[in-house]
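To start, the structure itself, in structure tokens.
The values are calculated or read from the model by the stated rules, or taken from the named source; none is laboratory data. Please read these numbers as outputs of a predicted model, since none were measured by experiment. Positions of Cβ are generated from backbone atoms using ideal geometry, with glycine treated the same way; all protein chains shown enter the neighbour counts.
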Amino acid sequence: MLTAIPGLQNIGGTAKPFEAAFAQPAQAPSIGQSFTDALGDTAMATIGKLQNAEQASFKGMQGGLETREVVDAVMSAEQSLQAAIAIRDKIVSSYLEISRMQI
């Protein structure tokens, strides 16, 4: 916390001009969702795409879907999985970098 400089407390007729501004700690904005929620939603969406691709593959083998629809579902799942792996790699590398910092 900031402390007043002795002898300069009453300059300009105010006792402690900055005390009110720094009395409360800063609050994080509550707009949107948290980082944990965003990662969880992304993971659930990826799992959903993988499950849809698996179901599309089974339906394609049984003749229920065209080859193009199966390929589209599998490619979408593959892109989501690659994005999830890239995010995981960035999180791990960030953790390792932080753990190597000197305190």
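The requirement of being at pLDDT 90 or above, out of contact with any Leu (no Cβ under 7 Å at 6 or more places or on another chain) and surrounded by 11 or more Cβ atoms within 10 Å (Cβ to Cβ) is not satisfied by Lys16.
Being assigned to a loop (DSSP other than H, G, I, E, B) and either at positive phi or out of contact with any Lys or Arg (no Cβ under 8 Å at 6 or more places or on another chain) (or both) is not true of Gly40.
Just to be sure before I move on: is Arg100 more than 22 Å from Ala43 (Cα to Cα), basic (Lys, Arg) and at pLDDT 90 or above in the structure I sent? For Arg100, the condition - more than 22 Å from Ala43 (Cα to Cα), basic (Lys, Arg) and at pLDDT 90 or above - is met. Is region 83-90 home to any residue that is exposed (fewer than 12 other Cβ atoms within 10 Å of the Cβ) and either in contact (Cβ under 8 Å) with a residue 60 or more places away in the chain or acidic (Asp, Glu) (or both)? Yes, region 83-90 has at least one match. Would it be correct to say that Met101 is of a type in the set (A, V, I, L, M, F, W, C), out of contact with any strand residue (DSSP E or B) (no Cβ under 6 Å at 6 or more places or on another chain), exposed (fewer than 14 other Cβ atoms within 10 Å of the Cβ) and closer than 29 Å to Ala38 by Cα? So Met101 fits the description; yes. Within region 51-79, the set of residues being more than 26 Å from the chain's Cα centre (by Cα), surrounded by 12 or more Cβ atoms within 10 Å (Cβ to Cβ) and aliphatic (A, V, I, L, M) comprises Ala56, Leu65, Val70, Val71.
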